[in-house]
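Laboratory data are not the source of any read-out in this text; all were calculated from the coordinates shown. Just so you know, these numbers come straight off a predicted model, no measurement behind them. FYI the Cβ positions are ideal-geometry reconstructions off the backbone, even for glycines, and counts take in every protein chain you see.
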């Protein structure tokens, strides 16, 4: 695992109580050819919309990740990356023209990129129509549509405005339930002084459903940020509205189904950005909030807090109070909250946030949050960066890909897409191996041994371990120590070992040598030392069996000596095979001798032999 970049900038940060947090990050990667459009292009003039995440989007695919960005050439680009952010050897694809603020989601068989652009046509007053476009791509980022899908255009040519007004949609968001897509966007001035949140389905085949008005706010309110999740039956949109001027900061986060507004969640001064991540039985909501004081009916900011809350399922409701992730004094002249992103890694939520706003030197912090609220939220520094607009996605295997915009090393005036892999899984896989195995050799080379080794990981599930000697291979005589290893996608390695012992089955020594050590021969006589192989070893005729002798009256620790045969056909101290048995003609001198028959399997096969004058 890679070490963490540590150290906090002097910004007065208060971290939540530390828990059992285990996060690590990989080295910074740079997406080649990803020069970005100017940061200001992601903003709606007069409205700080999508200011922190307007140019980069990322979603998980079966093979890794799909990334979309708005380029310096004014086009929307997309590319496929591997599980660790590595290039897959495929050039980026040009998805659309004259666009920015892309959003991407990936279903089981495709991905959808949506973005905001100018339609190119003009209304009766000469205003260029704004539009939301979309494009379907394969998981490898090959275009599936001959031309972009026009999702919304403002104003529609059939409904020209009665007066000169700049009509425009604010951004767009693509969500999926794994089978189809749900696109949301906010339009300005569908009615005088009103802002409307729209939703529209798009099948994976490219069929566009009718737009559905989720809500419309008029008079004081205008929406600046929203985020949501789609499960096929409903879309939960969380958004905040600036309801009152000067004396009152934003106070409400709203949630909508696809048909009606069903929740009004009062929170202390929520502030953008709002981020939503879904997984398991809940949805995680990340948002900023301000504490403020009123002086002569004018609000004054006192503290910014990054908060987390959980949304339960069945029925949809907020199930937990806020948990403060970060608290810091805001700069006097700044708008918006701290950049924050979240993702579900397959077991838990990952939240990542910046301790400063756009283009300020900042520490990037992270925390793992359970699918249900646990007040003991721990945070840890991941790295430091001068960056903006984070985007985060997880392949739900214990890793996540964090992307952000940062000044290019070649030209600091131009941003490029950079990123890091965040490892959220620190637990190694559990490897299961058999108990020690004992087997009888069926050849001089040993025995073929088959065994089962398995591995299971909390995130990746079933893994196939690699063993130092694989199942079904030939194991030599003696004891072989086998180690099986499994590595999960986060790089955690699990190990387990066992022994395989292969021996030769034999008859024991045969006459004239007695196995009980009571053999006494005349000194100088040639004694045939004989044995047969038995059982599964009976058919082996080429075994390199050797004979060693040592005098029992020898000095303690004296090594065994190789025996000498009286038969010329025998080489050194090797037994010969006579067609039925192994034979060694041993000439014994006076004394008591320890005769050792070594079959090469580590088994002690020794017998005492005595000789007298």
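Worth a mention:
- Cα gyration tensor of the stretch 569-611 - equivalent ellipsoid semi-axes, whole Å, descending: 19, 15, 9
- Radius of gyration and maximum dimension Dmax of the stretch 402-471, Cα, Å: 23.7, 73
- Label-to-label distance for residue 505 and residue 603 is 1.0 nm, based on points extended 7 Å past Cα in the beta-carbon direction.
- Nitroxide proxy distance, nm - points 7 Å out along Cα→Cβ at residue 28 and residue 125: 4.5 nm
- Computed FRET value (nearest 0.05) for residue 109 with residue 438, which takes r as the C-beta separation and R₀ as 56 Å: 0.65
- Summarised as an ellipsoid, the stretch 407-547 has semi-axes of 58, 16, 12 Å, derived from the eigenvalues of the Cα gyration tensor scaled by 5 and square-rooted, with the largest first.
- The packing ranking, built from the mean of other Cβ atoms within 10 Å per residue, places the peptides 338-348, 73-83 in the order 338-348, 73-83, highest first.
- The share of C-alpha pairs in the stretch 430-503 whose separation exceeds 14 Å stands at 57 percent.
- Per-pair calculated FRET efficiency, R0 = 45 Å: residue 410 and residue 147 via Cβ, rounded to 0.05: 0.85
- Zone of residue 91's modelled label, taken as backbone nitrogen in the stretch 403-420 under 20 Å from a point 7 Å along Cα→Cβ: 417
- Estimated distance in nm for a label pair at residue 205 and residue 384, the labels positioned 7 Å out from Cα along Cα-to-Cβ: 5.6 nm
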